[in-house]
Amino acid sequence: MVEDCEQLRKELGIAKWSVLGHSFGGLLGVRYAGKYPDSVESLILEGPSLDLPKSLQSWLRKAAGLYESLWKSEQANACLTAAEDNRPPLELLHSFFELGQGLGELRMKVYTPNDGNNYTEMQYSSSETEEFGRRSFIHLSKLMEEGRMFDPVLPVLKNLKVAVLLIKGRYDPITCEEQTRSFVENTLNGTLKIYEDCGHLPHFEAPDRFAEDVIQFVTHP
């Protein structure tokens, strides 16, 4: 997928661009900037997963708390067991999907602030939801085929030559504290902005601030 990004840049005739990666796209963005530094003007990471297994473990720990609030101790314990027993990454991913499905419509609440809404304003039509699912399946299948989706990019941070902005919601389980600390300690030209009242989607939860921060960064990295 890194090669796809570079080929797209060439097809569009862009000499150098700023790259924004959200969630797993953050991992892809770091990998891309590490391989093609001369193609990247600046890099913005929004709630990135820089180590997918660590992100899944963090998500499962937070999901356990939600299950407990629903008086579902068995599922809560299953979340904690999956997060702590060092199971292989692919099994961890399967646990993430299975236990996420068990939350039903409340699943997205794991990504929100503790007292936040359920991202209920993000409503899609059935056809849009179906198309999103289709594209997600294609995306995941390609990642699985490449075989690198579980490879962390934390070691790559220290080698990045571009300016990097990390935007993280305080209640986001995907960019866990260990990943945040690694970013601060290892990114040579890195800036961290924490949105205190946000979860995994700062661009949706605080759109005006997000737009201002991104514009300011790409124009004055």
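The values are calculated or read from the model by the stated rules, or taken from the named source; none is laboratory data. Every value quoted in this text rests on a predicted model; they were computed, and no experiment measured them. Using ideal geometry, Cβ is built from the backbone for each residue, glycine included, and neighbour counts are taken over all protein chains shown. Each accessible area value is taken on the protein alone, full model and side chains, heavy atoms only, with ligands, DNA and RNA left out. Shrake-Rupley method; radii C 1.70, N 1.55, O 1.52, S 1.80 Å.
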Under a Cβ-only charge scheme (Lys and Arg +1, Asp and Glu -1), can you give me the dipole magnitude of the chain about the Cα centre, in debye to the nearest 20?
480
If the cut-off is 13 Å between C-alpha atoms, which aspartates and glutamates fall inside it for Lys161, apart from same-chain ones fewer than 8 positions away?
Asp38, Glu41
Peptides ranked, highest mean first, by Cβ atoms within 10 Å: ranges 169-181, 141-153, 92-104
169-181, 92-104, 141-153
Alpha carbon centre of the range 151-167 versus the range 172-210: separation in Å?
13
Give me the accessible area per residue for the chain, probe 1.4 Å, as a whole number in Å².
55
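Give me the percent of accessible area attributable to carbon and sulfur for the chain, probe 1.4 angstrom. All intermediate terms of the calculation are to be shown ahead of the outcome.
On the way: 6390 of 12120 Å².
Carbon and sulfur: 53 percent of the exposed surface of the chain.
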Who wins for biggest fluctuation among Ser18, Ser136, Ser182 in a Gaussian network model of the chain, springs between alpha carbons below 10 Å?
Ser136
Farthest toward the dipole's positive end in the range 1-61, which of Leu60, Gly29, Leu43, given Cβ charges of +1 (Lys, Arg) and -1 (Asp, Glu) about the Cα centre?
Leu60
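Which entries of Lys35/Lys142; Lys142/Lys193; Lys72/Lys109 have Cα-Cα distances beyond 21 Å here? Numbers along the way, then the final one.
On the way: Lys35/Lys142 19 Å; Lys142/Lys193 32 Å; Lys72/Lys109 16 Å.
Exceeds cut-off: Lys142/Lys193.
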